[in-house]
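This report refers to the structure that appears directly beneath it.
The values are calculated or read from the model by the stated rules, or taken from the named source; none is laboratory data. Being a predicted model, the structure only gives us computed values, none of them experimental. All Cβ positions, even for glycine, are placed from backbone atoms using ideal geometry, and neighbour counts span all protein chains on display. Accessible surface is based on the protein model in full, side chains and every heavy atom, while ligands, DNA and RNA are left aside. Shrake-Rupley method; radii C 1.70, N 1.55, O 1.52, S 1.80 Å.
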Amino acid sequence: MSIEVARIDERLVHSQVAYSWSVAYDVNAIMVVDDVCAKDEMQKMLINMAVPKGKKSLISTTDEAILYFKDGKDRNEKIFIVVKSPNTYLSLVKGGVKLKSINVGGMYFKPGKKQLSKTVYVDEDDIKTFKEIESLGVESEMRTSPSDKSINLYKLI
């Protein structure tokens, strides 16, 4: 099992995530890690419908995802993880999930957030979280689509 892409996108699974990213990185499983969605049957149904045919759909809480990666089972999975917030990745990494890099693609405007790119806005809590993720040795880059130029998020915060 390998984590091919770890992305932050507040919309979770939508056409760009489901097709562009999953094809570009040749993944066979898309995992949504979100404590609210994992307990909401309607959200789970919608996410499962958005995952392309032939790809495995996994929806879990943060704690369940940590256990999934820790259990040591030899799965033939190339996984694309999607979360809504950098806090989820911080929890995953602190829980022992090995991530090389995080792709930040969709953190949208809310009052109090400053713009880093067309689709990435952060507030002081986000910046603090990203700095902690960086201190744990995980890279973070911004790209809306796989063909976009990678921009080092840490240089902008």
Once the dipole of the chain is set up from charges on Cβ (+1 Lys and Arg, -1 Asp and Glu), the residue from the list Ile47, Asn103, Ala24 lying farthest towards its positive end is Ala24
Taking the Cα centre as origin and putting +1 on Lys and Arg beta-carbons and -1 on Asp and Glu beta-carbons, what dipole magnitude results for segment 1-150, to the nearest 20 debye? 320
From the backbone phi of segment 20-30, what are the Karplus-calculated ³J(HN,Hα) couplings (6.51 cos²θ - 1.76 cosθ + 1.60, θ = phi - 60°) in whole Hz, Gly and Pro given as x? 4, 5, 5, 6, 4, 9, 6, 8, 10, 8, 10
About the Cα centre, and with charges only on the beta carbon of Lys, Arg (+1) and Asp, Glu (-1), how big is the dipole of segment 1-71? Nearest 20 debye, please. 280
Express the carbon and sulfur contribution to the solvent-accessible surface of the chain as a percent, rounded to the nearest whole number, probe 1.4 angstrom. 51
When all alpha-carbon pairs of the chain are counted, what percent fall beyond 29 Å? 11
If N is the number of residues in segment 58-107, what value comes out of its Cα radius of gyration divided by 2.2 N^0.38 Å? 1.13
Segment 1-84: translational diffusion in µm²/s, Stokes-Einstein, Kirkwood Rh over Cα pairs, 10 °C, 1.306 mPa s: 125
Considering only DSSP states other than H, G, I, E and B, which chymotrypsin sites (Phe, Trp or Tyr not before Pro) in segment 1-77 qualify as loop sites with at most 16 other Cβ atoms within 10 Å? Tyr25
With a 1.4 Å probe and every protein chain left in place, work out the accessible area per residue of the chain in Å², rounded to a whole number. 52
Zero-based 10 Å bins, Cα pair distances in segment 65-139, whole percents: 17, 47, 27, 9, 1
Given bins 5 angstrom wide, list per bin the percent of all Cα-Cα distances in segment 95-141, short to long. 5, 21, 27, 24, 15, 7, 1
